[in-house]
Amino acid sequence: MKEPQSEVNDVLLPRIMGSAVTAIKQGRKDEAIRMLREAIELDPSYGPAHFHLGILLRQNQRIEESNLALNAAIAAEDRAPALAEMGGELFRN
């Protein structure tokens, strides 16, 4: 049985991520960064939020913060080799 907070996260995280992706597509990067940080607060182990945050931060030349976010994405998704590979590729570029 899931904990109540987990059920809330199952609903909120997809909404927040959807809104963040929309904001990214519309060029509202600062708003997207805020939403991604909100998603991470709800679930620090949610790799996609860390990944998207890392990409946005890198685009804004916030390299150190980007590296931290991408490392967190890789750590959160250690069962997802493709994500780890993409993260490693970003660090090499």
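Enumerate the calculated ³J(HN,Hα) couplings along the stretch 35-40 in order (Karplus 6.51 cos²θ - 1.76 cosθ + 1.60, θ = phi - 60°), each rounded to whole Hz, writing x wherever the residue is Gly or Pro.
5, 5, 5, 5, 4, 5
Net charge around ALA69, counting only other residues with Cβ within less than 12 Å of its Cβ (Lys, Arg = +1; Asp, Glu = -1)?
+1
Describe numerically, in nm with one decimal, the distance between label points set 7 Å from Cα along Cα→Cβ at ARG62 and at GLU41.
Output for this residue pair reads 1.4 nm.
With a 1.4 Å probe and all protein chains kept in place, how much accessible area does ARG58 have, in Å² rounded to the nearest 10?
50
Please report the net charge: other residues with Cβ closer than 13 Å to the Cβ of THR22, K and R +1, D and E -1.
Within the 13 Å Cβ shell, the charges total +3.
Over the stretch 28-81, what is the mean sequence separation of C-alpha contacts under 8 Å (at least six apart), divided by residue count, expressed as relative contact order in percent?
Across the stretch 28-81, relative contact order equals 33 percent.
Where does each of ARG62, ARG34, ARG15 land when they are ordered by accessible area, with a 1.4 Å probe and the largest first?
Correct descending sequence by accessible area is ARG15, ARG34, ARG62.
The values are calculated or read from the model by the stated rules, or taken from the named source; none is laboratory data. Worth saying up front: this structure is predicted, and the values here are computed from it rather than measured. We place every Cβ from the backbone using ideal geometry, glycine too, and count neighbours over all the protein chains shown. The protein model used for the area step is the full one, side chains on, heavy atoms only, and it has no ligands, DNA or RNA in it. Shrake-Rupley method; radii C 1.70, N 1.55, O 1.52, S 1.80 Å.
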